Structure formats: structure tokens, C-alpha cells
Amino acid sequence: VQLQASGGGLVQAGGSLRLSCAASGRSFVIDRMAWHRQAPGKQRELVASISRGGITSYADSVKGRFTVSRDNAHNAMYLQMNNLKPEDTAVYYCLADSLLGPEYKYWGQGTLVTVSS
């Protein structure tokens, strides 16, 4: 499975961006998908996740501002980010868990989101 993240960029505080994650290869084994982010000098953290059936979960810091969704038919996941804040600046990565077991995890290459104040 290969994941390709896109949609990052530079935006002013209060603005919006929509990230996309496209899966290819053996995408039929994908189970839960998630967005993580890593800010400079900080550890990677979970931002949002979505199950194969569409159940979502969010970090407290993005609740009410970010919305994760997925299109199983097209092997894609999205992250709609509204009311962006400078502290949302990070490289955003998509992650896919596999139905084959927890030892199989697939990461995308990351897309940079920069929020200016």
C-alpha cells in the first residue's frame, strides 16, 4: 500500500485548507486511517482518525475545527481544516492500518501546513 498526501500550503490564521490522502496498491487491506502531524521540535501526534465504517475521533486541540472523512470507493481520506491557528503549523502525515494486523502500518510522505499569524 502506498499513501500520497497533498493539499498543504501557507494560509493565514483563521483560514482553511483541505488535505487529501490517496491510497494505491493493495488498498483493499486498509482498515482505520488517520492523520498525524509533527511540528518542528515536537513529537508526532495524532490529529484525527476514521474507521472503515466512518467512526471518527479527534484530538482535543482540533475538535470543532477539523473534520476527517474518507471515500472507500476511491481509496481516499480527507482532512478539512477550518479556523486554522499558528499552532497548527506542522507536517501532516496520513496513516493507514491494515486488516492483516497491527504490525502492518502504512505512512504517507507528509504535506507541510504553515499558518501565519
With +1 at each Lys and Arg Cβ and -1 at each Asp and Glu Cβ, the charge dipole magnitude of the range 10-79 around its Cα centre, to the nearest 20 debye, comes out at 60 debye
For the range 43-116, the dipole about the Cα centre with charges only on Cβ (Lys and Arg +1, Asp and Glu -1), to the nearest 20 debye, works out at 120 debye
Calc'd 3J(HN,Hα), the range 71-77, phi into Karplus 6.51 cos²θ - 1.76 cosθ + 1.60 (θ = phi - 60°), Hz, glycine/Pro = x, comes to 10, 5, 5, 10, 6, 9, 10
Rounded to whole Å², per residue accessible area for the chain with a 1.4 Å probe reads 52 Å²
L112 and K63 label points (each 7 Å along its Cα→Cβ direction) are spaced in nm at 3.2 nm
Taking 0.36 nm per residue of separation between I55 and E103 and subtracting their Cα-Cα distance, the length gained on full extension comes to 15.1 nm
Taking N as the number of residues in the chain, the ratio of its alpha carbon radius of gyration to 2.2 N^0.38 Å works out to 1.01
Cross-link reach from K85 to aspartates and glutamates, straight Cα distance under 18 Å and at least 8 residues apart if same chain, gives E45, D60
Computed over the range 1-94, the relative contact order (Cα-Cα under 8 Å, seq sep at least six) in percent reads 35 percent
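The values are calculated or read from the model by the stated rules, or taken from the named source; none is laboratory data. Values in this document were obtained by computation on a predicted structure and should not be read as measured data. Cβ sites come from the backbone with ideal geometry, for glycine too, and all protein chains shown count toward neighbours. Accessible surface is based on the protein model in full, side chains and every heavy atom, while ligands, DNA and RNA are left aside. Shrake-Rupley method; radii C 1.70, N 1.55, O 1.52, S 1.80 Å.
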